[in-house]
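Here the structure comes first, spelled out in structure tokens, and everything after it is commentary.
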Amino acid sequence: MAVTKLWKVSVRLGQVLDYATNPEKTANPEYSPEDYQALKDVLAYAKDEEKTEHKFFCEGINCNVAMAREQFITVKEQFGKPDGIQAYHGYLSFKENEVTPEQAQQIGMEFANKMWGERFQVVVTTHLNTKHLHCHFVINSVSFADGKRLQNKEKSWYYFRHIADEICLEHKLSIVEKPELHRSPAYLTMKDKAGMPTRYNNAKKAIDEAITISRNLRQFQYELGIMGYHSNFSPNRKNATITPKGSEKPIRTYRLGEEYTKEKILERLIANRDNIVFKPFQPKSYVVRQYRIPTREQKIQKVGGLYGLYLHYCYRLGYLPKYNQKQQNPARLHYLLKDDLMKLDTITQQVTLLGKHHIGTDEQLFSYKRTVEAEIKSLTADRTHLRNEIRKVNISDERLSAAKAKISAISERLKELRKEVKLCDGIAKRSGLITDTLSQVRADEEKSQRKESRNYEQRR
């Protein structure tokens, strides 16, 4: 079964090459240390010098894997095209237990040679870290032959899926009969299943709620507008779209599911007409409060500092629900908050770090970061010393095993610490944005309240 995909790489070129040739993903534990050593220099640029009993499936077409990045850049500079898209990154995935690593790499090389081998430099690797073996391709965006960029069928999903299917059939492998080009990314599906907010399920909730309180399309679009969505249901358009406020990327409603096509939404509105009961207008009666009990929001704001700022932001996102109230509907959040609602994982990790280490000021944040960086430096030195130890010829099996266990423990700790450094950097960057966002949200809410008060006075 050949599952294929290709996407642009506009970030640092070395980053995607490092990922594709990651020794931990391309390693086969069935091979000897001698086999690994033969390819160690080839993958040295990957910056993973840990010695393991592995062999790597990593080859280059029209380039040397060890110097792929430099050779890619040389071609770009030669033809005066160093900017823009740096490379294309693709993969070819196989059905579980259908191919061996050697077969996967062979098919990957055949595919890459047929697709790009005449004009482009390509790095081909096979990742063995999942049940489904899969090949990765990193293709230079500029041709070494004529200096032209990747174009037309060379990056067409339909074309290279066809080529992949031909090669798989030649090797008597299964193929996907009806592949889907525009499926939702796997992580979105996982988030949906976990009940986490995404761009798409927020849009679905907004549409569902707007339908329940609307008698016609005009009212439906008005309710969507209140919830921060611009909608286009023009009869001249085949598909309806809704666009979150502050975004330039519209969502075609049919992508949300069968019940969200243009026709289905109109049918649901018609079916809902008789279910809506309008109550006569009754002026609100305001009761003067004798005692004011502090709200949860006010209590959170009293915490102060960075930790208090993050707690307050989580509260506004609905992550810390109000007392004796239902969970806030994400569809009715202020449009500035909706984007960060989809980053709750990161924000939660950041607020947990602040609370765990009692960080309330920028000075405390940077002080903690320096402490973590010092520990990283110390542990890195210890790991380097241990790696040098296991390179000794006369080292005993017992000492070798103990050293490898320590290296593994240090590597896990370094992973945690580097994550904390990244969180610190994220907090420093996000805290100012949170302050500005909350200020804008409060200003918009006060404006809305003033408008509502004027309308109430006019109706009296």
Quiz item: In nm, to one decimal, how far is the LEU344 label point from the LYS172 one, both placed 7 Å along Cα→Cβ?
Solution: 5.1
Practice problem: Determine the shape class of the stretch 195-275: with a ≥ b ≥ c the square roots of the Cα gyration tensor eigenvalues, call it rounded for a/c under 1.5, and otherwise prolate if a/b is greater than b/c, oblate otherwise. | Solution: rounded
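Hey, which of these cross-link pairs are over 23 Å Cα-Cα: LYS238/LYS343; LYS249/LYS338; LYS377/LYS419; LYS204/LYS422? Before the final figure, lay out each step's value.
Working: LYS238/LYS343 33 Å; LYS249/LYS338 14 Å; LYS377/LYS419 14 Å; LYS204/LYS422 33 Å.
Pairs exceeding 23 Å: LYS238/LYS343; LYS204/LYS422.
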Exercise. Output the peptides 365-372, 440-447, 204-211, 135-142 sorted from most to least packed, where packing is the average of other Cβ atoms within 10 Å over each peptide's residues.
Key: 135-142, 204-211, 365-372, 440-447
Exercise. Grab the eigenvalues of the alpha-carbon gyration tensor for the stretch 333-460, scale each by 5, take roots, and send me the semi-axes largest first in whole angstrom.
Key: 53, 14, 9
Self-check item: Cα centroid of the stretch 56-88 to Cα centroid of the stretch 328-389, whole Å
Solution: 34
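Based on Cβ point charges of +1 for Lys and Arg and -1 for Asp and Glu, what charge dipole magnitude is obtained for the stretch 333-460 about its Cα centre, in debye rounded to the nearest 20?
About 220 debye.
Bear in mind these aren't lab numbers, they're just calculated from the coordinates by the rules spelled out. In this text the structure is predicted, and so the values were computed from the model without any measurement. Glycine also receives a Cβ, built like all others from the backbone with ideal geometry; neighbour counts cover every protein chain displayed.
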